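Data block below; observations after.
Derivation of every value follows stated rules applied to the coordinates shown; laboratory data play no part. Since this is a predicted model, take the numbers as computed values, not measurements. Because the Cβ atoms are built from the backbone with ideal geometry, glycine has one as well, and the counts that use them run over all protein chains shown.
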Amino acid sequence: MKKNPPIAGVAGWTAATIFLGAFLLFQVQPIISKTILYWFGGSPAVWTTSLLFFQVVLLGGYAFADGLVRLPQPRQQALIHLGFVLLACLTLPITPGPWWRPPDSAAPTWRILMLLSAKVGLPYFLLAAISPAVQSWFARVYPDRSPYRLYALSNIGSLGALLSYPFLVEPLMTTQSQGNLWSILFLLFALCCGQLTYRLWKAGPLPELPEVGTAVGDASARGRKADKTTAGETGIPWRSRWTWFAWPALACILLMAVTNHLCQDLAVVPFLWVAPLSLYLLTFIICFDRAVWYHRRGFAWAAALMVLGVSYLPLAAEMEQFYLEWGLGVRWAHFARHIAVETGMYLAALFLICMVCHGELVSGKPPARHLTAFYLSVAAGGALGGALVALLCPLIFSSYVELNLAMSLSFFIALAILLDEVGWRWFAQTTRLLRSSALLTGLLASAIVLLGQFDRWDRERGIERGRNFYGVVSIRERFAGPDDDPEHHGLAMFHGNTVHGYQLLREDLRQTPTTYYGETSGVGLTLLHLRPDAPLRVGAVGLGVGTVAAYGRPGDTYRFYEINPLVIDLCDRHFTFLQDSEATIEETVLGDARLSLETEVPQEFDVLVLDAFSGDTIPVHLLTREAMRIYQRHLAPDGVIAFHVSNRYVNLIPVALELARDAGLQSTLIRQVESEGLRTTPSDWVLMTNNRHFLEHRAIREASLHVDRWPDFPVWTDQYNNLLRILHPPVIRE
């Protein structure tokens, strides 16, 4: 049948507008989040707070679309939307200028939300509104086609944006260029909106969508017969509306909780933001493309088993000992503790649980007439999940326990779905042996899930634990040696799973430098041999437990910089390195060290210790050319910058060496290899200076190692850095 000329091209421009809008919707998230990341200390909470903002504005966009489609004709709706899009073009480019940087570290969550509202609020709001609105217009133009498959196309565009960012956009472009390119593409999006508005205007008045047509609850996803009662006859029951809200809320909580977990154990980088969000979107694509892709029983089984596997990880060491006692040589603990295994299993669990959530969601989707209300409920659920993780949980929990709660809840939901699929009739008809075996298996699996999910939470509680915007910090008792000898007994501060300092409790050993700061470490050798007969002025970025103050001598002055007020509080109450030091300890400056140093007069530090990179999250903004200029401004003429570059997952050595070369400083690598529990731990320090006499000191020269330069390794700047390139071990020769 020949197409009606007035509406020719609507389908093509609909697809182009939805795809480009979705691409921009999700490409802006890593762009703007990475741009502001270093302004707020490089914390994982920058990303989760940004996710909260995007979820809330998405909800606002869907509400706008829901109100917009209530106007009589799509051409009027499209014209109003186009007017707002043209207004949003006046706010471009999206990259915030330096005047947006916060003056201090107070109220970071609210400052992030305000900054994002000002720079990307209106464009993001309109991008969020376009997909449900255009789907409604499409349903009016083509009443015999399902508009829900356009939602899958939208998520394909979103997934393409996320996957292209860490592998193409981030390695090839500065953040300024990324913002400019996004702004240009938004202008192209405005052109697509204009073309679609023109086509709809030419189409003239279009008929209203009928109430009837698609049954409430697409039962094809469940393999059951569809309910023939339509929304037009009985209205949409509140039970269905509740599921539109609840399933997205659970999925979003899992998304943000798993992202928090991964960033705490690795680094706050776009790749680790993108991987969970990409899997989350992939489940939307699969479920909304065709309902039959969601096999209810199969995905429920897979989700339950994967949560069971994730819950087993923290129990692996105890279970291995149990196996050995029974004569079974099962050695799984080392495998279970491997970061790649844990990361892979958590991502797999996230994917499977989201498949269950979104599969159940799609099985209850309404007729096209209620499409925008459906998407509004979905967005509201996502916004609630985001608000719980980003705002409420840090106030009521001292750890990331929301991950354990969500995983446990997901396991029991999967079991409930399996029971619904199998039916209680099976239990009535089967033998008593099978019933008992099934019940025992379910109870055992439930026990493993509950024990595994809350074992690590309980173990990490320690003497005291606290949580804020910058993560979870805990104080725990530890023995530094291989036995329980009181000589080795001490207190350790942990940030997540990383030790941030340790102090022996025995009176005569309390001022012993421990962990990364032993006398053979780079910082230890520097403080002992730089000027042994003259006082030193020392600056330290990163307080930890104040271990470096143990090197203080009469006449020395130490000044610390710490972004996390919780660390300062716990250090003062549980550790005595600062109080017992013979040096003069100036105030501990609260706030991001780089921002603090920018506003201070030159401090003339003889030694500037940069110890902010050993943790699980890497504050990249302290490793850039611009940061080095700030450090050099505060360094005495013959002073030394000591970079602590030890890290379990990334090789920061080439980054530091290239920064030294670019700044015109000589550098050397010092590796502390002795390991006696926590008394001294292996550590890498890069020392930078123009003091040749210091570098030629026998102790420094003998401890120095040669490192092969990486070919064509770029200097990191505020506009360009790429952590993917340094996920390799260093090449070091004695």
*Please list the non-local residues whose amide H lies under 5 Å from the amide H of G518, H modeled 1.01 Å from N, same-chain partners needing a gap of 5 or more.*
T681
*Between E507 and H295, 0.36 nm times their residue separation minus their Cα-Cα distance comes to what?*
69.9 nm
_Derived scalar couplings ³J(HN,Hα) [region 159-174; Karplus, 6.51 cos²θ - 1.76 cosθ + 1.60; whole Hz; x for Gly, Pro]_ = 5, x, 5, 5, 6, 6, 5, x, 9, 10, 5, 5, x, 9, 9, 6
*Please work out how much length the chain gains when fully extended from D569 to H529, using 0.36 nm per residue of separation minus the C-alpha to C-alpha distance, in nm with one decimal.*
11.2 nm
*So for region 498-733: antiparallel DSSP bridges make up what percent, rounded to the nearest 5?*
45 percent
_With an 8 Å Cα cut-off and a minimum separation of 6 or more residues, compute the relative contact order for region 1-205 in percent._
48 percent
*Say R0 is 35 Å: what FRET efficiency, to the nearest 0.05, do L181 and E587 get from their beta-carbon distance?*
0.20
_Testing the spin-label approximation: label points 7 Å from Cα along Cα→Cβ at K202 and N690. State their distance in nm._
6.9 nm
*Summing Lys, Arg as +1 and Asp, Glu as -1, what charge do residues with Cβ under 15 Å from the Cβ of I396 carry, I396 excluded?*
+1
*Which whole-number percent is the relative contact order of region 498-733 (Cα, under 8 Å, 6+ apart)?*
21 percent
_With θ taken as phi - 60° and the coefficients 6.51, -1.76 and 1.60, list the Karplus ³J(HN,Hα) couplings across region 49-66 in order, rounded to whole Hz; mark glycine and proline as x._
5, 4, 4, 4, 4, 5, 5, 5, 5, 4, 4, x, x, 5, 5, 4, 5, 5
*In Hz, Karplus ³J(HN,Hα) per residue of region 521-538 (6.51, -1.76, 1.60; θ = phi - 60°; x = Gly, Pro)*: 7, x, 6, x, 4, 5, 5, 7, 10, 5, 8, x, 10, 9, x, 10, 9, 10
